[in-house]
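Structure first, commentary second.
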Amino acid sequence: MMIKYPDVFFSVLARPVIFVLIALGLHLLLRGAKAPGGGFIAGLVVAAAALLSRMAMDRPLLSFNTRLLIPWGLLLAAATGIAPMLLGLPFLKSAFGYQTWPFIGKFPWETALLFDMGVFLVVVGITVTIIDLLAQEAEYELVVMEVESGQEH
């Protein structure tokens, strides 16, 4: 049985690119409420890193079941929207303010980031799950083809 290894040049070059994509995704997630970005586009950028990891190193980017991210993201996004209603405010009403931290100074916070994090988890969960399922299917088909070709000889 022939084992397929990823290209060495591609896998070495992919490592820093994956790191940059993950950092860019987190940057887009954190700035999403005040500037272009947010949970959806950040999730897609991290999913691109997962796809590159799967292609270059022939292994998943995340070492846990990414399907678990979907319900947790939905729960976080829904809770962020419903929580203001418990206080008599409109659905998805965002709160914001400033917190002073030692050595950091004045730090802004807002509840819209929690909603973006929920969207981020859902998008990463769905896209990485799809990528992993497609990769598993391709690996299965490769094994079946190798077994069938071995039986013909």
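Taken residue by residue, segment 60-76 has at least one member that is assigned to a helix (DSSP H, G or I), surrounded by fewer than 17 Cβ atoms within 10 Å (Cβ to Cβ) and without any contact (Cβ under 8 Å) to a residue 40 or more places away in the chain. For segment 84-126, filtering for residues that are outside any loop (DSSP other than H, G, I, E, B) and within 26 Å of residue 46 (Cβ to Cβ) leaves 20.
Among the residues making up segment 23-34, a single one is more than 19 Å from residue 118 (Cβ to Cβ) and either at pLDDT below 95 or in contact with a helix residue (DSSP H, G or I) (Cβ under 8 Å, 6 or more places away or on another chain) (or both): 24.
Looking only at residues in segment 32-59 that are touching a residue at least 12 places away in the same chain (Cβ under 8 Å) and outside any helix (DSSP H, G or I), the one that is surrounded by the most Cβ atoms within 10 Å (Cβ to Cβ) is 32.
The values are calculated or read from the model by the stated rules, or taken from the named source; none is laboratory data. For clarity, every value in this text was computed on a predicted model and none was experimentally measured. When we count neighbours, we look across all protein chains shown, and the Cβ atoms used for this are built from the backbone with ideal geometry, even at glycine.
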